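Below: the structure, in structure tokens.
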């Protein structure tokens, strides 16, 4: 704790010190204390670190002058106080017998990530690349003092990726925990073997942004719930009203906290001096800050704060949803405790990226806040809100990859010369340090001598690109695209023409669009966009008012089109008028101007409201200025002025099965005319089709979704849609665990709206941490035809699959009938033990007529089953008429479960029920679900082949007559004399692999052997002379010989057999 206290004291001292040379000495001593805490108690090492620069003025030795690539890099750092032309680029700690080293730098300019990326590679360290991982190389830590001497950055690298711990003002509680629990334990229990690997792994893992943010989110979720509960209980607000107010308030507070971090809020006015009386504090301080300061131009403020900027944009505009004429009651100490939570974390206005993570709460976190709130919020009906919308927050590394790849494909097509593709790759993929190295020695020319020819085309393509996210959520993809586009502009524009603020503003105005059905998501997307913009304006004396994003991110139902039938009084010039208003409103900075344009908008759109047709009703529902409204349609031209389609459609659309929706919603989707709709399907399939329709010809769509469509039956129309109407480019099967809280296996798909060229590259990811590298190294060409499952196979796997399907005859073409086992609807009533069976028969011997032994999925093995003395009451359809009189013991047994049996879905009243029936549902409460007839039950009096429906292995067995199967199983009736051969093929190792390639897998659970898959299993017809030996193999359990026979019949080569066996 003493070391931690010294570090905290030095951080505070550094922030308050005004003399830059004393600040340098403090920063040197601060870096030394950190290294002492990390290193073991080795006297020589600690002595080396005892500079006592504040007292002695002693500084570490300088790095050699030849580390700089050019003279320009030399100017990045502050001049050395004692060493002539040298710079403050110092060897802070280095000992021959220590595997950890550190350097220290003082920036003379802004601490831009490209400069940091370059500087950390001035000295060669163990973690720089695989080639450097030798025993004689050391692990490095780099310290950077910012130009204003208020912050010390501690940087750890991993190849080209950086993690940054920003120390300023004071140590936050989370930073203290990082030091105490992680950094100070790096050398614990280290042996002589692989020192560098262990040291670096622990150092890298110690600075994990995800852990910091997770704790912050958990606190915000808690405050969100406290506030929503209070608003409902003490202020009589509905659940929706309480959620929207709470989300907006927390969003505003987080936004101003970032502004406060950047010293943009005048603290002299006590805006953040929260008191126990939360209601009074909100009225006296926060409302003044929000509405009378941030939303009021300086010349019209009624108080004397003239330094806090006017922000515009609408974020702090007081609306009816803010209840301006009510005195809201807040929980006591609410804001005191909320601000204590904020103060426990370090906030940074720098934006993290996958290759540059700042270990602090950053602007990107706002999207994750939204995801967390949605994940944990329960609506008034008791449903999980995220489950209803299917929304899941996409990890940053996935967002970055998808944005970059979408832009890559777009630029390929705009340049339309494959010779220049490598230059586009270089523009997008070169690391910051490599870019700075190349640019510092000469001009950055990714196309060599052709750069002057290609560059104008690239610039034009960037200026004209149109990008939309039709399920925008909290704005991850538009913000990701803005980061990638801004980065490209930075690399192609001259330094004196690159203005980050102006570039981002232009991108927002001209290139980005977003739609979401959730108004709360739209508010967060706008907020994140404003924050990403304003952080580029922090170094100027005048903070520019923010743009208005009401026509950039809109709340609407993306999947419903605007009706095409126009009323007779439709204004033919409406589109032009709206386009002018959109442009003027985006740039309106004065409140009076905004109100004038709003009035103009309402005046011209109300002309559509004179008739009562569907189109007019839809148009009335679109109110971009109303935070709580959701348009009942989506139309690119009407909402955004885009009539010729988008260049890129990018999204993580919702995943939600239609069957889980309320009936009204299911019926709506059925009538919308989507080719990819299937009743058992998922809403994301419609988003794929909708997204492709949004594209202009040659446009690029990239989605991350559940991967079930690749092999599931309901995905077949979608797969065919891709084959017929797009040119698939890249498919990445990511597997499970991409989303922290979504139990779903995912994939990324990139397609072009063009004719299919059969050039899809696909890969299955085995290591998600290095998935980009796996995509680049392991993708292989796949050709899929209509009705094919989309299975990603290597060339040898493709050869085996083709042989299986060319030699075998699909099982459905044999003389077989495939059925699902019985569904009871209430197992505890109909499934009984041997003891209960004996009791019922003892009470009434006729009970034996409708009690049969039953097999469950867990009882099945290959070729055999393990009967567990479990039985079923075969209450067939119609038996209710005679049950009481004919089987009184069973009737009395079922009567005990009457209330539970009546609650089954099939027993409850339905609109389709026959009105002449003397029961309200599909069947009587005494009967099994799905209305099994006596004829169906007669199936079980014959020998059958049965199998478990959800399994991690193909397990088929032959049942004895009279044995019944439950719905966790399926069975086939088969009369063919080759039944044993069919059983052998179904159980074979070869068919196991065929199933893996064709059936959707549920993570580690296995795959679902639904009838639709089993009926497609190819079975070769064999010569009858081999049937006897097959029977002998099965009876003698010689399954290896059966496998070899199957390989032989299907014509596999020795190489292919070896591949399957291994």
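A short reminder: the numbers here are calculations on the coordinates, not readings from a lab. For clarity, every value in this text was computed on a predicted model and none was experimentally measured. Because the Cβ atoms are built from the backbone with ideal geometry, glycine has one as well, and the counts that use them run over all protein chains shown.
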statement: For the stretch 497-655, using Cα atoms only, the Rg and Dmax in Å read 16.6, 54
message: For a distance above 11 Å, tell me the whole-number percent of Cα pairs in the stretch 85-131 that qualify.
response: 74 percent
- prompt: So how do 87, 979 line up by other beta-carbon neighbours within 10 Å, fewest first?
  reply: 979, 87
message: For a quick size check, give me the Cα extents of the stretch 939-1008 along its three principal axes, largest first, whole Å.
response: 36, 25, 13
query: For the residues 458, 642, what sequence is obtained by ranking on other C-beta atoms within 10 Å, fewest first?
result: 642, 458
query: Taking the Cβ-Cβ separation of residue 188 and residue 229 as r and a Förster radius of 45 Å, what is the calculated FRET efficiency to the nearest 0.05?
result: 0.55
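Mind checking the full-extension length gain between residue 490 and residue 942? Use 0.36 nm per residue of separation minus the Cα-Cα distance, one decimal, nm.
Residue separation times 0.36 nm, minus the Cα-Cα distance, leaves 155.2 nm.
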message: Can you give me the orientation-averaged projected area of the convex hull built on the Cα atoms of the stretch 212-389, in nm²?
response: 11.0 nm²
task: Pop the C-beta distance of residue 629 and residue 304 into the FRET formula with R0 = 45 Å and round what comes out to the nearest 0.05.
output: 0.75
query: If the viscosity is 1.002 mPa s and the temperature 20 °C, what translational diffusion coefficient in µm²/s does Stokes-Einstein give for the stretch 838-904 when Rh comes from Kirkwood over Cα pairs?
result: 158 µm²/s
Stokes-Einstein D (µm²/s) once Rh is taken as the Kirkwood radius of the stretch 653-792 over alpha-carbon pairs, at 4 °C in 1.567 mPa s: 83 µm²/s
- prompt: How long is the stretch 187-235 along each principal axis, judged by its Cα atoms, biggest number first, in Å?
  reply: 65, 16, 8
task: Starting from the Cα-Cα distance between residue 421 and residue 813, subtract it from 0.36 nm times their residue separation and give me the gain in nm to one decimal.
output: 136.2 nm
task: Return P(r) of the stretch 117-166 (all Cα-Cα pairs; 5 Å bins starting at 0; whole %; ordered from short to long distances).
output: 5, 20, 30, 21, 12, 7, 3, 1
field: For the stretch 52-74 versus the stretch 588-637, the gap between their alpha-carbon centres in whole angstrom
entry: 61 Å
statement: Rounded to whole angstrom, the alpha-carbon centroid of the stretch 802-878 lies from that of the stretch 186-260 at a distance of 51 Å
Pairwise FRET efficiency - residue 1028 versus residue 1062, Cβ, R0 = 22 Å, nearest 0.05: 0.10
task: Work out, step by step, the length gained on full extension between residue 584 and residue 443: first 0.36 nm times the residue separation, then minus their alpha carbon distance; give nm to one decimal.
output: 46.9 nm
message: Taking just the alpha carbons, could you work out the radius of gyration and Dmax for the stretch 2-205, both in angstroms?
response: 16.0, 46
- request: Quick one: divide the alpha-carbon radius of gyration of the stretch 886-1007 by 2.2 N^0.38 Å and tell me what you get.
  value: 1.41
task: Could you work out how far the C-alpha centroid of the stretch 494-570 sits from that of the stretch 970-1038, in angstrom?
output: 56 Å
message: Give me 477, 677 sorted ascending by neighbouring Cβ count inside 10 Å, so fewest comes first.
response: 677, 477
statement: Hydrodynamic calc, the chain: Kirkwood Rh from Cα pairs, then Stokes-Einstein at 37 °C with viscosity 0.692 mPa s, so D in µm² s⁻¹ is 98 µm²/s
